Amino acid sequence: MAELYGRAGVERLIAECLRRDRASLGRRRGADLPVVTLVGPRGSGKTAFLAHLHEDCRGRLPVVRVDLDGVAERPTRKIISELAFELSAKCGQFGQIAFPHLALCLLMVGSALPLNSRSQAIRMVNELLRKQDPLERSADEIEELLRLVTATGVPSWTGSVLKLLWGGLGWVSRRRRLTFGARLSKEASAAPPGPYGALLDMIKWHAHGADQELDDMFCTAFLLDMRRAYRGLWRSGQRTTNCLVLLDNVDSVSGRKLLATLMRASRDPEMPDPFLVVCTSRSWLREWDSHWHSPSASARKRGRAVRTPEQATLADWSPAGRGRDARWYLVAARDLSLDEVGDLLTADRRDTVQDEEDARVVHRLTGGLPWAVTRLSAAMAETDRDEVSLRAAFAELVPVARRELLYGLTAEQQRLLINTSATPTVERGGATEDLGADRPGAPGDPYGLLGNRLLLAENGTGMHPWMRRVLLHELTRLNRGRANSWESVHRRQCTRASQLVHVNYHRLALGEFKEVVQHLERVFTHESDEQWLTQLDAITAAPNALPQDRSAFDQAAALVRESGVDPATGWLVASLWINADPLGDPRRTLWQEIESGYRDLAKRHNWSRVLLDRAEEYRR
């Protein structure tokens, strides 16, 4: 499975964080833990990795996985209740973790009781709190209390989860007074003193829509219950690993609020929380800027580089001098290497020679993005693997790939990025009015947008190769004459380019092959070989909109024949241009023409060593 390749280092880090030091069993203090965050664009395998972790840990330790994606915001207290519901399930030697503080919060959150029944409800709460028998044996009192409060807003699902959240207290609770309200009042500094302060506040906050205060109280209750579950020699001896909380898409509004509230509530340095949070993000968060270096930030900005899976260790996350935001530990959901793509294909098909060739094609086109690697390699297996059939297979993937890559962007942002794909580089803070769509001068920052969505190329100067290829395909589909068609975008860039090499880059993209070859022939006579090769490489890197139903050789032959240019230079430029497209000449059928072209030019320049060395690079 492509999504799991290159993630072994993250698994080792998580295993390291889950282990509890046996020397500290029974003590109040456990180990400080980071919030391990896997960062990468959509399609980088983050969700698949969390699913793998959930499946691997289920049954061995309490684990919960929640996807926080979605347009609608989810209240933090509801997510906290969902976490507790899953973590309270019985699990092997752990037994069952109880959440009595949180269960009490669930009872109170909707109880905007009329005055004549409020005192009765408080008396019942007091009686429950002071019982010395386990709460799970107080079913009659719980149900009676629920009947009192459900009419005024307790969530409909509260009754079905209360017994589960209260479960697990067992015989240990018989000799203890469960003064939950008093504990909550002590933990929540805003609550008035006394055992009912927090409970009365919750009723008031819910009535007045004070969501943040309610969320803080729910998180406080959740943390109290989790810490309580690991106290004492008996519990510590049974619970030798931390719990695992898996949160997908924490860059959503709900996810950011949840983690901010948890970090705010988790302020006891002497009692770290006995659970590890592993989360994913498909965009860059402002919270990270104080400690981490953003992909789109200036090289002069200080901050740690996002760690690779191979660099990730608990020791690498230094707890010294941390603030709240420094609990984050960012690990890249990196692209797959060429070798990893090759290993993946070989493992699936076991045809070593063919797989090595396919791996090169797949990696060059996808940049190693796991989602794209998986789907493209599967599509290739159903084709003849020639360039025409590969282009057709890619075209079928484009609609769903486009939706994945542009998910959550406005129509204007989508047009901006599609137009940006026509440019050779994306500059930091560069003016983008010439890339704008229907309104000239429309504001936009493609570099910042790509950096925020973690879709900059590895060298930081352009768009991720898979995204660029998908968006270029979209650009070719736009009708001529439209403001954002292939022709219009490249024409605008051509007229506004300040350097001659960029002018000819866009002229070649427009199909002005003859004019570009003639320009290169002119400068060949008065520039050094090194300078000429630099210009040749930059110009022939231009994208093309050539007919997709012709072979690479037929495309090049047609360009040379129809333009009437010198065959040696013409074949070299045409072959390099087509070869620059990952799907132009995937089987390298034009490499012989490229080698021959360089040798012919070397002969004209007194057997130039520079040109001969370049020719050797294309010898097969």
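The values are calculated or read from the model by the stated rules, or taken from the named source; none is laboratory data. Small disclaimer: the values here were computed from a predicted structure and weren't measured. All Cβ positions, glycine included, derive from the backbone under ideal geometry; neighbour counts span all protein chains shown. The protein model used for the area step is the full one, side chains on, heavy atoms only, and it has no ligands, DNA or RNA in it. Shrake-Rupley method; radii C 1.70, N 1.55, O 1.52, S 1.80 Å.
Each of residue 461 and residue 609 was given a label point 7 Å from its Cα along the Cα-to-Cβ line. The distance between the two points is 2.6 nm. Net charge of the neighbourhood of residue 514, taken over other residues with C-beta under 14 Å away and scored Lys/Arg +1, Asp/Glu -1, is -2.
With protein chains left intact and a 1.4 Å probe, residues in the stretch 466-520 average 45 Å² of accessible area per residue.
Take the solvent-accessible surface of the protein heavy atoms, probe 1.4 Å, and return the percent of it on the stretch 512-575 that carbon and sulfur atoms account for. About 51 percent, which is the carbon plus sulfur part of the accessible surface. What the Cβ-Cβ distance of residue 557 and residue 354 gives, at R0 = 30 Å and to the nearest 0.05, is a FRET efficiency of 0.65. A simple count of charges around residue 616, restricted to other residues whose Cβ falls under 13 Å of its Cβ and scoring Lys, Arg +1 and Asp, Glu -1, yields +2. Using a probe of 1.4 angstrom and keeping all protein chains present, the accessible surface of the stretch 382-427 works out to 46 square angstrom per residue.
Taking 0.36 nm per intervening residue step and subtracting the Cα-Cα distance, what contour gain separates residue 500 from residue 588 on full extension? Spell out each step's value before the answer.
Values: separation 88, 0.36 × 88 = 31.68 nm, distance 2.93 nm.
Full extension from residue 500 to residue 588 adds 28.7 nm.
Can you work out the FRET efficiency for the pair residue 89 and residue 212, with r the C-beta to C-beta distance and R0 = 22 Å, to the nearest 0.05? The computed FRET efficiency comes out at 0.15. If I take R0 = 30 Å and measure r between the Cβ atoms of residue 521 and residue 414 in this structure, what FRET efficiency does the formula 1/(1 + (r/R0)^6) give, to the nearest 0.05? Rounded to the nearest 0.05, the efficiency is 0.15.
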